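**Student:** Here it is, the structure, as structure tokens.
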Amino acid sequence: NVPEDQADKLLLASWGLPKVVLEKYHSLGVVQMFEWQAECLMLGQVLEGKNLVYSAPTSAGKTLVAELLILKRVLETRKKALLILPFVSVAKEKKCYLQ
């Protein structure tokens, strides 16, 4: 669980993302994360590029965790990232969304 003193970590705005990225998420109705998503981002040195393995049911929000990790790393390090998705339809959707 997310400690009470870090409850603000549930809000996307607390992760240092650019305004344009936050506006895009907000337009899709995503303003905050579930506790388990924030926990994933706060584990060990995940934000510094260490590995993370997590499992959740379909449509639970796994992609949001991956997107936030990728966006933060790309913006902070100015390096490229590779996002592998399971279906062409999902890849096309994310391509439009992330542009």
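**Student:** State the number of residues belonging to the range 53-79 that are basic (K, R) and either under 19 Å from C40 (Cα atoms) or under 16 Å from the mean Cα position of the chain (by Cα) (or both).
**Tutor:** Residues in the range 53-79 being basic (K, R) and either under 19 Å from C40 (Cα atoms) or under 16 Å from the mean Cα position of the chain (by Cα) (or both): 3 in total.
**Student:** Identify all residues within the range 58-74 that are open to solvent by 70 Å² or more (accessible area, probe 1.4 Å) and either within 21 Å of L12 (Cβ to Cβ) or at pLDDT 90 or above (or both); write none if there are none.
**Tutor:** Within the range 58-74, the subset open to solvent by 70 Å² or more (accessible area, probe 1.4 Å) is 58-59, 73.
Selection gives S59, R73.
**Student:** State which residue is nearest to E76 (Cα to Cα) when the search covers only the range 16-38 and only residues that are within 12 Å of the chain's Cα centre (by Cα) and open to solvent by less than 60 Å² (accessible area, probe 1.4 Å).
**Tutor:** L17
**Student:** Further question on the same structure: If only one of V2, V30, V21 is part of a helix (DSSP H, G or I) and either touching a residue at least 12 places away in the same chain (Cβ under 8 Å) or of a type in the set (S, T, Y) (or both), which one is it? So that I can check it myself, show each step before the final result.
**Tutor:** Numbers: V2 fails: part of a helix (DSSP H, G or I); V30 fails: part of a helix (DSSP H, G or I).
After applying the criteria, what remains is V21.
**Student:** Next question. Return the residues of the range 82-99 that are closer than 16 Å to V20 by Cα and surrounded by fewer than 10 Cβ atoms within 10 Å (Cβ to Cβ); say none if nothing qualifies.
**Tutor:** Of everything in the range 82-99, those that are closer than 16 Å to V20 by Cα and surrounded by fewer than 10 Cβ atoms within 10 Å (Cβ to Cβ) turn out to be C96, Q99.
The values are calculated or read from the model by the stated rules, or taken from the named source; none is laboratory data. As the structure is a prediction and not an experimental result, all values here were calculated from the model. With ideal geometry, Cβ positions are generated from the backbone for all residues, glycine too; neighbour counts draw on all protein chains shown. Protein only, heavy atoms only, side chains kept; ligands, DNA and RNA dropped before computing areas. Shrake-Rupley method; radii C 1.70, N 1.55, O 1.52, S 1.80 Å.
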